[in-house]
Each structure stands twice: as C-alpha cells, then as structure tokens.
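Student: Could you have a look at this structure, given as structure tokens, before my questions?
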Amino acid sequence: GEGTMPDTTWGAPTVRPVIAQTAGWVQLQLDTKPNGSTGWVPRSAVSLAVSPYRVQVSISQRRLWIYDDGQITYTSLVGVGAPKWPTPMGTTFVDALVATPKSQIYIYGPTVVILGTHSDVFTDFDGGNGTVAIHGYPSDPASTNGEAVSHGCVRANPKTIEALTSVPLGSPVDIVA
C-alpha cells in the first residue's frame, strides 16, 4: 500500500538505510512490521549520506562488534533474548538514540539505542509495538555480560551504550546466529 515517510522518528529526523536506487527513486529499509519491510520514495524527497559504521550482534557468541570502515573499533559481551523470547535475526539498522524517561532509567539505563526491528514473539511490549533495542539493565548488570535472559532486546553495559552513541542513525545492524 501507499504511505508516507514521517519527517521525524522517536523525536529526531527520520533516517533509513538505502537498499537500492533506480532512476528518480530510492528503496529504503523501514522500521515497520514485518521485519525487513522496504518502501520506495522519490530521490528528490531524501538526502543521501554514507555511514562507514556497521554493528554486528552474535546470538550464540553473545557479543557485539562495532565496525568503522571495516575495522573493529569496539567489542563487548552483551545479553540477548532468552530462547523463548529470541532476539530477532537479520539485518536492521540504528533507528534512534532515545533518552530514557527518568522513571525508567533504573530499568533501561540513561540511553536506549532503538533498532528498526521487532520481536518475533511480542506484538506489543511495555506500551510499544515490540520494537527491539540495545539498552542497559542496571537492575541486573550481570545480564549484560553474555546472558540469554532478555525479552528479545540486546542488553549492554554502559561502556557499550556509550560506544554505540557514536554510530550514526541509519547504520546497519546485523543480528546473526
């Protein structure tokens, strides 16, 4: 169906990865269900930029890597989804960096890295639509250290969240086995 691309997402300008281009049109990866959805927009409606950054998360290794121009610049253990609530695999992207509401900082930490993908299990979660994120977990810091206990989000220590804040919006995030 036809739709419109919002000018802002999570309170910041909307940024989407480019999948393909043809004469006058650009195909973008979307943050909507189903995961992997794409849409075409007029080339004139978007500004193009290139990010040298890519993030990879391995479910089995319970580890995250940040690449800048193909070189690993940061790596750390992370927590991933429990087997019954798996972290969804595939290529997604950094959708937004959101300051956590003060009432929830003790749950998620001060900054949440929103991804453009959704849980394969939850259609909604905590008032949202099952969006997956990378966030801290101050109430159980050990769960960010290689545990498979989350509801599908990636749990990361404060240093990892800080490293991710340098990754531009729209940068690809590969979640692999």
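Student: Between S58, G109, L48, whose Cα lies farthest towards the positive end of the dipole of the chain when Lys and Arg beta carbons carry +1 and Asp and Glu beta carbons carry -1, centred on the Cα centre?
Tutor: Final value for the positive-end residue is S58.
Student: How many angstrom lie between the C-alpha centres of segment 137-171 and segment 90-114?
Tutor: With segment 137-171 and segment 90-114 each reduced to a Cα centre, they are spaced 9 Å.
Student: Carbon and sulfur together cover what percent of the accessible area of the chain at a 1.4 Å probe radius?
Tutor: Ligands and nucleic acids excluded, carbon and sulfur give 55 percent.
Student: As an exercise, use a Förster radius of 25 Å and the Cβ-Cβ distance of W40 and V176 to find the FRET efficiency, rounded to the nearest 0.05.
Tutor: It comes to 0.35.
Student: Points 7 angstrom from Cα along the Cβ direction at T4 and K84: gap in nanometres?
Tutor: Reported label-point gap for T4 and K84 is 4.3 nm.
Student: Related question: Taking amide H positions as placed 1.01 Å from N in the peptide plane, with prolines and chain starts having none, which residues 5 or more places from V26, or on another chain, fall under 5 Å of its amide H?
Tutor: V41, R43
Student: If you work out Kirkwood radius over Cα pairs in Å from the coordinates, which of (i) 16.5; (ii) 17.1; (iii) 19.3 do you get?
Tutor: Among (i) 16.5; (ii) 17.1; (iii) 19.3, the one derived from this structure is (i).
Student: Could you calculate the contour length gain from T32 to A99, that is, 0.36 nm times the residue separation minus the distance between their Cα atoms, to one decimal place in nm?
Tutor: Between T32 and A99, full extension yields 22.0 nm more.
Student: Can I ask one more? Please get the size of the charge dipole for the chain, origin at its Cα centre, with Cβ charges of +1 on Lys and Arg and -1 on Asp and Glu, quoted in debye to the nearest 20.
Tutor: Using only the charged Cβ atoms, the result is roughly 180 debye.
Student: A follow-up question, please. Residue by residue through segment 170-177, which ³J(HN,Hα) values in whole Hz follow from phi under the Karplus form 6.51 cos²θ - 1.76 cosθ + 1.60 (θ = phi - 60°), with glycine and proline marked x?
Tutor: 3J(HN,Hα) across segment 170-177, in whole Hz: x, 5, x, 10, 9, 9, 10, 5.
Student: Over segment 17-149, give the accessible area per residue in Å² for a 1.4 Å probe, as an integer.
Tutor: Roughly 53 Å² per residue, with all protein chains present.
Student: Taking 37 °C and 0.692 mPa s as the conditions, I'd like the Stokes-Einstein D for segment 73-145 in µm²/s, using the Kirkwood hydrodynamic radius from alpha carbon pairs.
Tutor: 249
Student: Relative contact order of segment 85-177: what whole-number percent is it, with Cα pairs under 8 angstrom and at least 6 residues apart?
Tutor: 37
Student: Here is a follow-up. Would you please give the FRET efficiency between V121 and A23, computed as 1/(1 + (r/R0)^6) with r the Cβ-Cβ distance and R0 = 35 Å, to the nearest 0.05?
Tutor: So the FRET efficiency works out to roughly 0.30.
Student: Which ³J(HN,Hα) values, rounded to whole Hz and listed in residue order, are derived for segment 36-51 from phi using the Karplus coefficients 6.51, -1.76 and 1.60 in 6.51 cos²θ - 1.76 cosθ + 1.60 with θ = phi - 60°, glycine and proline given as x?
Tutor: Here the 3J(HN,Hα) series is x, 4, 10, x, 9, 10, x, 4, 5, 8, 10, 9, 9, 9, 10, 10 Hz.
Student: What are the residues whose amide H is under 5 Å from the amide H of T73, where those residues sit 5 or more places off or on another chain and H is modelled from the backbone?
Tutor: Amide H neighbours of T73, under 5 Å, 5+ apart: I66, Y67, D68.
Student: Let me know the charge dipole size of segment 94-162 about its Cα centre in debye, to the nearest 20, where only the beta-carbon of Lys, Arg (+1) and Asp, Glu (-1) is charged.
Tutor: So the dipole magnitude of segment 94-162 works out to roughly 220 debye.
Student: Compare H135, H151 by solvent-accessible area with a 1.4 Å probe and give them largest first, with all protein chains kept in place.
Tutor: Result of the area sort, largest leading: H151, H135.
Student: With all protein chains present, calculate the accessible area of L48 using a 1.4 Å probe and round the result to the nearest 10 Å².
Tutor: For L48, the solvent-accessible surface is approximately 80 Å².
The values are calculated or read from the model by the stated rules, or taken from the named source; none is laboratory data. Note that the structure is a prediction, hence the values are computed from the model and not measured. Quick reminder, even Gly has a Cβ in these numbers, built from the backbone with ideal geometry, and neighbours come from all protein chains shown. Ligands, DNA and RNA are excluded from the accessible area calculation, which covers all protein heavy atoms including side chains. Shrake-Rupley method; radii C 1.70, N 1.55, O 1.52, S 1.80 Å.
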